[in-house]
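The structure under discussion appears below in the form of structure tokens.
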Amino acid sequence: IEQEIAIYEKELSTTKTQKTTLTNKINQLKKEQGKIALQIRATTLALSALAKELDSTEDSIKETLKSLDSSGERIGTLIRMVNEQDRQSLMEVLVGQGLGAFLRELLALERLSLSLTAVISEVKANKVELEAQYAELEAERGEKKNLLAVQALQRQGLQSKTSEQNKL
């Protein structure tokens, strides 16, 4: 009987050790699940922030495109004004209307030319800005794609840990 009691005590000790080991493993898995759940939450927050950045970048692109349209209209107006000024040659103005009219006409052409140059410079600057905004948009889209992939992997990891816990 003493031997049987000793065998049962040994089995109980082994069972307690196994129970402790399983309990520790389950606790470890729960902690890992909690960690992964927090990582998923952090990724979700990062995706939310990135969505706002994408919206902002898209809005900036729309504003830049509007500015380019406006500049194009101003260029058209200035070119029409230059064409109107060119209908009568400066020589005709000098001979027909005198030196004062000639100088006013020349000054008006110079102002139109300066305005046209300024608008063209603005268009060039807007074009550079637009290219930068498109590059930023593509980078943000790539980052979003990467974050979604990371989140999918995190979800798989969580599912794996949950399955492992359920098996125990």
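Criterion first (in contact with a helix residue (DSSP H, G or I) (Cβ under 6 Å, 6 or more places away or on another chain) and either surrounded by fewer than 11 Cβ atoms within 10 Å (Cβ to Cβ) or closer than 28 Å to residue 48 by Cβ (or both)) does residue 112 satisfy it? So residue 112 does not fit the description; no.
Going through region 134-168 one residue at a time, which ones are touching a Lys or Arg at 6+ places or on another chain (Cβ under 8 Å) and either surrounded by 14 or more Cβ atoms within 10 Å (Cβ to Cβ) or modelled with pLDDT of 95 or more (or both)? I'd like the intermediate steps shown before the answer.
Filtering region 134-168 for residues touching a Lys or Arg at 6+ places or on another chain (Cβ under 8 Å) gives 165, 168.
Selection gives 165 alone.
Listed by first and then second residue, the pairs linking a residue in region 113-128 that is touching a residue at least 60 places away in the same chain (Cβ under 8 Å) to a residue that is surrounded by 13 or more Cβ atoms within 10 Å (Cβ to Cβ), with Cβ atoms under 8 Å apart and 6 or more places separating them unless they lie on different chains, are 126/64; 126/67; 126/68; 126/71.
Open to solvent by less than 90 Å² (accessible area, probe 1.4 Å) and over 30 Å from residue 142 (Cα atoms): which single residue out of 22, 54 fits that description?
22
Looking across 51, 6, one residue alone is under 34 Å from the mean Cα position of the chain (by Cα), over 30 Å from residue 114 (Cβ atoms) and of a type in the set (A, V, I, L, M). It is 51. Restricting attention to region 25-43, the residues that are over 19 Å from residue 164 (Cβ atoms) and open to solvent by 70 Å² or more (accessible area, probe 1.4 Å) total 1.
Among the residues in region 66-76, are any under 30 Å from residue 142 (Cβ atoms), among the aliphatic types (A, V, I, L, M) and in contact (Cβ under 8 Å) with a residue 12 or more places away in the chain?
Yes, region 66-76 contains a residue that is under 30 Å from residue 142 (Cβ atoms), among the aliphatic types (A, V, I, L, M) and in contact (Cβ under 8 Å) with a residue 12 or more places away in the chain.
The values are calculated or read from the model by the stated rules, or taken from the named source; none is laboratory data. Not measured: the values here are computed from a predicted model. Cβ sites come from the backbone with ideal geometry, for glycine too, and all protein chains shown count toward neighbours. Just the protein is used for accessible areas: all its heavy atoms, side chains included, with ligands, DNA and RNA removed. Shrake-Rupley method; radii C 1.70, N 1.55, O 1.52, S 1.80 Å.
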